[in-house]
Amino acid sequence: MELKVFKNYDELSQRAADEVINLVKQKPDAVICFASGNTPLSTCQWIVKKAASEKIDFSKASFIGLDEWVGISPDNIGSCRFFFYENLFKPLHIADEQIFLFDALAKDLNNECKKMDNVIAEKQGIDLMIVGIGVNGHVGFNEPGVDFNLLSHVIDLHESTKSVGQKYFAGTTDLSQGITLGLAHLINAKKVILMANGKSKSEVIKQALKGSVTEEMPASIMQKHTSGFVFVDEEAGALL
């Protein structure tokens, strides 16, 4: 694992966007996994800008969604699917056959997990995974106590995740479970970038990077990734 500290959120976001752009230049059929949410938002915007200015062809790339809120409609502005289409897929003109997201309304969520695992296996793994970190150390919806060896799975959300998650929705929303790639997918990805910005993430970043590698702090698994990178701004890295 390697730590990179950037002056601010914008520099961090541009660098993460460069990683995606450079990967697709080198490997047009790259398999890219993205998180949704506030942290990667600017990265998505920079990818769109850079793709336009550099005329990058994304037509052969594949996109894997990291997670989704169970029971939330895809047209809900708080859904991960809505985020991806608005901020990445539509602006980049990504075709539906290039996109692999969890169906959080599926009757058989375990089958959704198997389908995602099969897609990743058929594509010979994820080339680049970009994730964030929750204030409780979760990555995706891999909450504290999660088994590091899990592939895709459904999980009960912690109270902090339910509470923080409300900011993405127009009104109070019942959030009880998530469907997510497992940390086995993260450790198997060819390259992983964990991003964090702002003072509110400084303590959890310290715990994840300087503490023990433990399932009680899911993000600590980054310490074991031989091609793992942690991108933080100065505020998030203030306690390191």
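Taken together, the values in this text are just the output of simple stated rules run on the coordinates, not laboratory data. Predicted model only: the values in this text are computed from it and were never measured. Glycine gets a Cβ as well: all are built from the backbone with ideal geometry, and neighbour counts include every protein chain shown.
In table form, for the structure just shown:
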read-out: DSSP beta bridges in the chain [antiparallel fraction, %, rounded to 5]; value: 25
read-out: Partner lysines for K191 [C-alpha distance under 20 Å; skip if fewer than 8 residues away on the same chain]; value: K4, K25, K27, K60, K123, K224
read-out: Residue exposure sequence - M195, M1 - by fewest surrounding Cβ within 10 Å; value: M1, M195
read-out: Net dipole in debye of the chain [+1 Lys, Arg Cβ; -1 Asp, Glu Cβ; about Cα centre; nearest 20]; value: 620
read-out: F169-E2 FRET efficiency (beta carbon distance; Förster radius 45 Å; 0.05 resolution); value: 0.80
